[in-house]
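Step one of this worksheet: look at the structure below.
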Amino acid sequence: MALHCPECGFANAIGANYCQRCGAFLTAGEPESSDTTMTYRVGETGELEPVELEEVVEESGAALVIRSGGGRTGESFALDVDRLTIGRRPDSNVFLDDVTVSRDHAILVRRGEDWYLDDCGSLNGTYVNRERIESHRLEDGDEMQIGKYKLAYLAR
(Lines give C-alpha, C1' and ligand atoms only; values in the text may rest on other atoms or scores of the structure.)
Protein backbone atom coordinates (compact mmCIF):
# COMPACT_ATOMS: atom_id res chain seq x y z
CA MET A 1 0.00 0.00 0.00
CA ALA A 2 1.22 3.52 -0.81
CA LEU A 3 0.73 6.96 0.69
CA HIS A 4 -0.75 9.23 -2.00
CA CYS A 5 0.27 12.88 -2.20
CA PRO A 6 -2.65 15.29 -1.59
CA GLU A 7 -1.14 17.74 -4.12
CA CYS A 8 -0.11 15.64 -7.13
CA GLY A 9 -1.43 12.14 -6.35
CA PHE A 10 1.99 10.44 -6.58
CA ALA A 11 2.19 7.11 -4.73
CA ASN A 12 4.91 7.46 -2.08
CA ALA A 13 6.35 4.81 0.22
CA ILE A 14 4.61 4.32 3.57
CA GLY A 15 6.33 6.40 6.23
CA ALA A 16 7.43 9.18 3.86
CA ASN A 17 6.95 12.71 5.19
CA TYR A 18 7.29 14.56 1.87
CA CYS A 19 6.21 13.71 -1.68
CA GLN A 20 9.04 12.32 -3.78
CA ARG A 21 7.65 14.07 -6.90
CA CYS A 22 6.48 17.54 -5.77
CA GLY A 23 7.83 17.90 -2.21
CA ALA A 24 4.41 18.50 -0.58
CA PHE A 25 3.99 17.50 3.07
CA LEU A 26 2.26 14.14 3.36
CA THR A 27 -0.31 13.53 6.06
CA ALA A 28 -1.03 10.02 7.21
CA GLY A 29 -4.15 10.94 9.18
CA GLU A 30 -7.64 12.05 8.22
CA PRO A 31 -8.14 14.11 5.06
CA GLU A 32 -7.83 17.87 5.59
CA SER A 33 -11.54 18.40 4.92
CA SER A 34 -12.34 16.78 8.27
CA ASP A 35 -10.00 19.10 10.20
CA THR A 36 -11.63 21.71 12.38
CA THR A 37 -10.21 24.79 14.03
CA MET A 38 -11.10 25.65 17.59
CA THR A 39 -12.67 29.09 17.77
CA TYR A 40 -12.00 31.47 20.63
CA ARG A 41 -12.18 35.07 21.73
CA VAL A 42 -9.83 36.97 24.00
CA GLY A 43 -11.58 37.68 27.31
CA GLU A 44 -11.36 40.83 29.41
CA THR A 45 -8.43 39.39 31.39
CA GLY A 46 -6.54 38.40 28.23
CA GLU A 47 -7.38 34.71 28.67
CA LEU A 48 -8.49 32.69 25.65
CA GLU A 49 -12.14 31.71 25.97
CA PRO A 50 -13.38 28.86 23.74
CA VAL A 51 -16.60 29.67 21.88
CA GLU A 52 -18.94 27.85 19.57
CA LEU A 53 -18.82 29.73 16.29
CA GLU A 54 -22.45 28.94 15.52
CA GLU A 55 -23.45 30.66 18.78
CA VAL A 56 -21.40 33.78 17.95
CA VAL A 57 -22.98 34.03 14.50
CA GLU A 58 -26.46 33.33 15.91
CA GLU A 59 -26.13 36.03 18.61
CA SER A 60 -24.73 38.80 16.42
CA GLY A 61 -25.80 37.69 12.93
CA ALA A 62 -22.22 37.68 11.63
CA ALA A 63 -18.63 37.11 12.71
CA LEU A 64 -15.05 37.34 11.50
CA VAL A 65 -12.69 34.44 12.14
CA ILE A 66 -8.94 34.53 11.63
CA ARG A 67 -8.12 31.51 9.46
CA SER A 68 -4.35 32.04 9.33
CA GLY A 69 -1.62 34.51 10.21
CA GLY A 70 0.16 35.69 13.31
CA GLY A 71 -0.47 32.52 15.32
CA ARG A 72 -4.06 33.62 15.97
CA THR A 73 -5.91 31.00 13.93
CA GLY A 74 -9.42 30.55 15.30
CA GLU A 75 -9.78 33.94 16.99
CA SER A 76 -13.28 35.27 16.35
CA PHE A 77 -14.88 38.71 16.39
CA ALA A 78 -18.65 39.05 16.68
CA LEU A 79 -20.05 41.78 14.43
CA ASP A 80 -22.34 43.19 17.07
CA VAL A 81 -21.73 46.90 16.36
CA ASP A 82 -22.24 48.92 13.17
CA ARG A 83 -18.57 49.71 12.54
CA LEU A 84 -15.28 47.88 13.19
CA THR A 85 -11.81 49.20 12.43
CA ILE A 86 -9.12 46.79 11.25
CA GLY A 87 -5.44 47.63 11.42
CA ARG A 88 -2.10 47.74 13.19
CA ARG A 89 -3.19 50.55 15.51
CA PRO A 90 -3.48 48.97 19.01
CA ASP A 91 -6.92 50.52 19.59
CA SER A 92 -8.36 48.98 16.39
CA ASN A 93 -11.38 46.74 16.95
CA VAL A 94 -9.53 44.01 15.04
CA PHE A 95 -5.85 44.55 15.90
CA LEU A 96 -3.53 42.77 13.45
CA ASP A 97 0.04 43.26 14.68
CA ASP A 98 2.25 42.89 11.61
CA VAL A 99 4.16 45.30 9.35
CA THR A 100 2.18 44.06 6.32
CA VAL A 101 -0.93 45.65 7.87
CA SER A 102 -1.40 49.44 7.75
CA ARG A 103 -2.25 51.28 10.97
CA ASP A 104 -5.70 52.11 9.60
CA HIS A 105 -6.00 49.31 7.03
CA ALA A 106 -9.71 48.68 6.54
CA ILE A 107 -13.11 49.18 8.07
CA LEU A 108 -16.15 46.92 8.30
CA VAL A 109 -19.38 48.91 8.07
CA ARG A 110 -23.00 47.83 8.28
CA ARG A 111 -25.09 49.46 5.56
CA GLY A 112 -28.70 48.45 5.95
CA GLU A 113 -28.75 44.67 6.40
CA ASP A 114 -25.40 44.12 4.68
CA TRP A 115 -21.77 44.33 5.80
CA TYR A 116 -19.20 46.08 3.62
CA LEU A 117 -15.42 45.89 3.82
CA ASP A 118 -13.79 49.18 2.78
CA ASP A 119 -10.05 49.63 2.27
CA CYS A 120 -8.73 52.77 3.97
CA GLY A 121 -5.96 53.51 1.45
CA SER A 122 -3.69 50.75 2.78
CA LEU A 123 -0.26 50.27 1.23
CA ASN A 124 -0.58 46.49 0.65
CA GLY A 125 -4.27 46.50 -0.25
CA THR A 126 -7.30 44.60 1.00
CA TYR A 127 -8.46 41.46 -0.77
CA VAL A 128 -11.73 39.55 -0.83
CA ASN A 129 -11.68 36.12 -2.46
CA ARG A 130 -8.21 36.92 -3.89
CA GLU A 131 -9.31 40.12 -5.63
CA ARG A 132 -8.12 43.55 -4.52
CA ILE A 133 -11.03 45.73 -3.44
CA GLU A 134 -11.79 49.32 -2.50
CA SER A 135 -15.25 48.46 -1.17
CA HIS A 136 -17.01 45.10 -1.21
CA ARG A 137 -20.37 43.81 0.06
CA LEU A 138 -19.56 40.68 2.04
CA GLU A 139 -21.36 37.36 1.65
CA ASP A 140 -21.27 34.33 3.91
CA GLY A 141 -17.98 32.46 3.45
CA ASP A 142 -16.01 35.31 1.86
CA GLU A 143 -12.29 35.11 2.53
CA MET A 144 -10.51 38.37 3.28
CA GLN A 145 -6.78 38.93 3.21
CA ILE A 146 -5.31 41.82 5.12
CA GLY A 147 -1.54 41.74 5.13
CA LYS A 148 -0.49 38.21 6.03
CA TYR A 149 -3.80 37.50 7.79
CA LYS A 150 -6.63 35.54 6.21
CA LEU A 151 -10.06 36.02 7.76
CA ALA A 152 -13.42 34.48 6.97
CA TYR A 153 -16.74 36.31 7.09
CA LEU A 154 -19.53 34.11 8.39
CA ALA A 155 -23.20 35.13 8.48
CA ARG A 156 -26.46 33.37 9.15
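Quick check on the stretch 54-156: what does the Kirkwood estimate of hydrodynamic radius come out to from the alpha carbon pairs, in Å?
On the way: mean 1/r = 0.0751 Å⁻¹.
Mean inverse Cα-Cα distance, inverted, gives 13.3 Å.
Applying 1/(1 + (r/R0)^6) with R0 = 30 Å to the Cβ-Cβ distance of residue 113 and residue 68, what FRET efficiency is obtained, to the nearest 0.05?
Details: r = 29 Å, r/R0 = 0.97.
Efficiency computed from Cβ-Cβ geometry: 0.55.
Note down the nm distance, to one decimal, between modelled labels 7 Å out along Cα→Cβ at residue 83 and at residue 156.
2.6 nm
Solvent-accessible area of residue 104, probe 1.4 Å, all protein chains present, reported in Å² to the nearest ten, please.
80 Å²
The values are calculated or read from the model by the stated rules, or taken from the named source; none is laboratory data. This is a predicted model, so every value here is computed, not measured. All Cβ positions, even for glycine, are placed from backbone atoms using ideal geometry, and neighbour counts span all protein chains on display. Surface accessibility is based on the protein's heavy atoms, side chains included, excluding ligands, DNA and RNA. Shrake-Rupley method; radii C 1.70, N 1.55, O 1.52, S 1.80 Å.
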